[in-house]
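Chemist: Pasting in a structure now, in C-alpha cells, and then I'll have a few things to ask.
No lab work stands behind these numbers, since they all come straight from the coordinates. Just so it is clear, the model here is predicted, and its values are computed rather than measured. Reconstructed Cβ throughout: ideal geometry from the backbone, glycine too, with neighbour counts over all protein chains shown.
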Amino acid sequence: MKFDKEKYAKESKKGAPRSPLLRNGFATFWVGGSICLVGELLYRFFLSLSLLPKTASVSATVALVFASALLTALGVFDSIGRYAGAGTLVPVTGFANAVVSPAIDTKSEGLILGVGAKIFTVAGPVLLFGTLAGGLYGVLYALYLLFFGM
Amino acid sequence: MEFFWYLVRVFVVGGGFCVLAQLLIDLTALTPARILVLYVVLGVFLGAVGLYEPIKAFAGSGISVTLIGFGGTIAKGVKAAVYEQGLLGALTGGLSAAAGGFAAALCFGYLAALFSHGRPKRL
C-alpha cells in the first residue's frame, strides 16, 4: 500500500480520536470564562489596595501565573487542562503552564542548559512572534507619525 | 447591577475566546502551542487597528487575561514607546510592556523545576 501525502492525511484522520465538540465546547467555555472572572476579581482586589490600574493589571496577571505554576508543579494543572482544553490554554494560565511544564520535565537534562533551554519551548515562539508583530506595528506607526502625525 | 452585567460580559467574552480556540484545535490542524502564538499576534493586530481597547472597555479581563491581552499590551507599549522615542520604540516598547507576565512565568517556572520532581504523565 503506497502512501502519498494526501492519502496519509486521510488515513491518519480516520484513526485519530474524534473530539466531542459540544462537550469540549461547554467545558472550555465555563472554565475559560471563570478564569477570566477570577482575573477580573484579582484586578479589582489590587485596585482596592490603591494600586494604579496598570500595576493592578500586571499584578493580577502575575498572581494567575503563580497559581498556574503552583498547580503545574503539584500535577493538578494537567487534570484540569484535560477536562477544559482551551479553557485553561487561552488565559495566561495556559502560557504559564506551557513554560513551567517543560521546565519541570527537563530537570534531568541539567539545571542550567536543560531547563534553561526547554523553558522556552513555547515561551520562545510566543515571545518571538509577539515581538516581531509589535516591531512591525512600531515601524508602521513611526511612519504614520512621520507623515501624518503631530 | 451594572457591575454584575460587567462580570457577565467578562465571563462570556473570555469563555468565547476559549471556545474559538477549542474549535480551531478540534477542526483544524492547529496545535495548542500554535494557538498561543496565533492569539498573541492577533492581540497585536487588534491593538494596531484600534479594536483591542474598545473590547477591553467592554469586557475587561475577558480579553486582557487571555493571550490576546498579551498581544494587546505589546501593541499598546509599542505605540507609547514610538510616540516617545521614535523608531527605537518599535524595539523597546513591546517587551517592556509585557515584561511582568513573561518574567513571572520564567521565574516561577524555574523555581517550580527546582522544587518539584518530574512525574510520569497520565494520558
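Chemist: For chain B, would you read off the P(r) tail past 17 Å as a percentage of all alpha carbon pairs?
Modeler: Numbers: 4960 of 7503 pairs.
Cα-Cα pairs of chain B separated by over 17 Å account for 66 percent.
Chemist: Moving on to the next point. Using +1 at the C-beta of Lys and Arg and -1 at the C-beta of Asp and Glu, which of B:63, A:48, B:33 has the Cα lying farthest in the positive direction of the dipole of the protein assembly as shown?
Modeler: Among B:63, A:48, B:33, the one farthest towards the positive end of the dipole of the protein assembly as shown is B:33.
Chemist: Further question on the same structure: Mind pulling the angle between the C-alpha long axis of helix A:53-73 and the longest principal axis of chain A? Nearest 10 degrees, somewhere in 0 to 90.
Modeler: For A:53-73 against chain A, the angle is about 30 degrees.
Chemist: Would the range B:55-112 count as rounded, prolate or oblate if I go by the C-alpha gyration tensor, calling it rounded below 1.5 in a/c and otherwise prolate when a/b exceeds b/c, oblate otherwise? Write out the running numbers ahead of the final one.
Modeler: Values: a/c = 3.78, a/b = 1.19, b/c = 3.16.
Oblate.
Chemist: Taking a label point 7 Å from the Cα of residue B:2 along the Cα→Cβ vector, which residues of the range B:16-54 have an amide N closer than 20 Å to it?
Modeler: B:54
Chemist: Given Cα pairs under 8 Å that are at least 6 residues apart, what percent is the relative contact order of chain A?
Modeler: Details: 100 pairs, mean separation 28.6, N = 150.
Reported as a whole number, the value is 19 percent.
Chemist: Hey, got the dipole for chain A? About the Cα centre, +1 on K and R Cβ, -1 on D and E Cβ, debye to the nearest 20?
Modeler: Details: 13 positive and 7 negative charges, 106 e Å.
In debye, rounded to 20, chain A gives about 520.
Chemist: I'd like to know which of A:121, B:13, B:3 lies farthest towards the positive end of the charge dipole of the protein assembly as shown, counting +1 on Cβ of Lys and Arg and -1 on Cβ of Asp and Glu.
Modeler: The one lying farthest along the dipole's positive direction is A:121.
Chemist: Here is a further query. First check a/c for the protein assembly as shown, with a ≥ b ≥ c the square roots of the eigenvalues of its C-alpha gyration tensor; if it is under 1.5, answer rounded, and if not, answer prolate when a/b is larger than b/c or oblate otherwise.
Modeler: Details: a/c = 1.37, a/b = 1.32, b/c = 1.04.
Rounded is the answer for the protein assembly as shown, as its axis ratio a/c remains below 1.5.
Chemist: Just the ratio, please: alpha-carbon radius of gyration of chain A over 2.2 N^0.38 Å, N its number of residues.
Modeler: Numbers: Rg = 20.6 Å, N = 150, 2.2 N^0.38 = 14.8 Å.
Against the empirical 2.2 N^0.38 Å value, I get 1.40 for chain A.
Chemist: Once you place label points 7 Å from the Cα toward the Cβ at residue B:23 and residue A:54, how far apart are they in nm?
Modeler: The two pseudo-label positions are separated by 3.6 nm.
Chemist: When the dipole is taken about the Cα centre of the range B:2-115, and only Lys, Arg (+1) and Asp, Glu (-1) are charged at their Cβ, what size is it in debye, to the nearest 20? Present the calculation step by step, with values, prior to reporting the outcome.
Modeler: Numbers: 5 positive and 4 negative charges, 14 e Å.
Dipole size: approximately 60 debye.
Chemist: I need the calculated FRET efficiency for the pair residue A:144 and residue A:10, taking r as the beta carbon distance and R₀ as 35 Å, to the nearest 0.05.
Modeler: On the way: r = 47 Å, r/R0 = 1.35.
Given R0 = 35 Å and the Cβ-Cβ separation, E is 0.15.
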